[in-house]
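Here's the structure we're looking at; comments come further down.
The values are calculated or read from the model by the stated rules, or taken from the named source; none is laboratory data. Computed from a predicted structure; not experimentally measured. So basically every Cβ, Gly included, is an ideal-geometry build from the backbone, and we count neighbours across all protein chains shown. The protein model used for the area step is the full one, side chains on, heavy atoms only, and it has no ligands, DNA or RNA in it. Shrake-Rupley method; radii C 1.70, N 1.55, O 1.52, S 1.80 Å.
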Amino acid sequence: MAVFVALGAFLMTLAGGWTAQRVTDRRHLVLGLAGGLMLGVVGLDLLPEALKAAGEEVFGVPAALLLFVAGFLLAHLVERLLAARQASHGGEESNGRVPEVGLTAAAAMVGHSAMDGVAIGAAFQVGGGMGAAVALAVVAHDFADGFNTYTITSLYGNARRKALIMLFADAVAPVAGAASTAFVTIPEGLLGGYLGLFGGVLLYLAAAEILPEAHHEHPARSTLLCTVAGAAFIWLVVGLAA
């Protein structure tokens, strides 16, 4: 049952990526929406779950929040290191962005989608009702995952073929994750730490890269509305799944 439900996540991820590549003539709106979706996923989905799963404190601060900050700084550090490395070898960036950063970020999205599949499998081990609730949340927000995976890969100047490969990997990941629960169980604390770290990476990409790019050439009110709509959509998904 878990693998069957994960196939729904597979289709929703592909639908999200297909939507992202079909609206390239409204790139600023796509980026604004992607930024809002990522902000909503981080603030309304990942962080609450991370705090719940890994809420123990380290020097007065929840471990999940420390890893969240570490993820933000790690994303910034990786981007700067890759940019310096490429510049030293005479490579060119795409609009000031390094393609490898886009691929690394997309790979992180794939890892997150695999964990979504694990969450579905683990929830069905608890019970059918729990499994259905988790599956609803995962399938709904996997549209956003597919949308963001394709958008991030393309934004950093990678070829369309690479963006489609990462999109397909992101779609397959929840199916593989759900299947893995028949053999492996991930400790709750470890899962919470991962969610905190990944949330920091996503927030950096949304706040430092995607949203500034969305408003750079088209500082339109419609772009801002797309950002708000993206965050509101995630709020709706989280509320329906609660």
Assuming R0 = 30 Å, what is the FRET efficiency of W235 and A70, from their Cβ-Cβ distance, to the nearest 0.05? 0.70
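Averaged per residue, what accessible area in Å² does the stretch 148-223 show with a 1.4 Å probe, protein chains only?
The answer is 45 Å² per residue.
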Multiply the residue gap between R26 and A179 by 0.36 nm, knock off their C-alpha separation, and tell me the result in nm, one decimal place. 51.3 nm
Could you give the length gained by full extension between A107 and A15, i.e. 0.36 nm per residue of separation minus their alpha carbon distance, to one decimal place? 31.3 nm
Using r as the Cβ-Cβ distance of L190 and L77, and R0 as 25 Å, what FRET efficiency do you calculate, to the nearest 0.05? 0.65
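Whenever you get a sec, compute what percent of the accessible area on the stretch 16-82 sits on carbon and sulfur atoms (1.4 Å probe).
Result for the stretch 16-82: 69 percent of the exposed heavy-atom area is carbon or sulfur.
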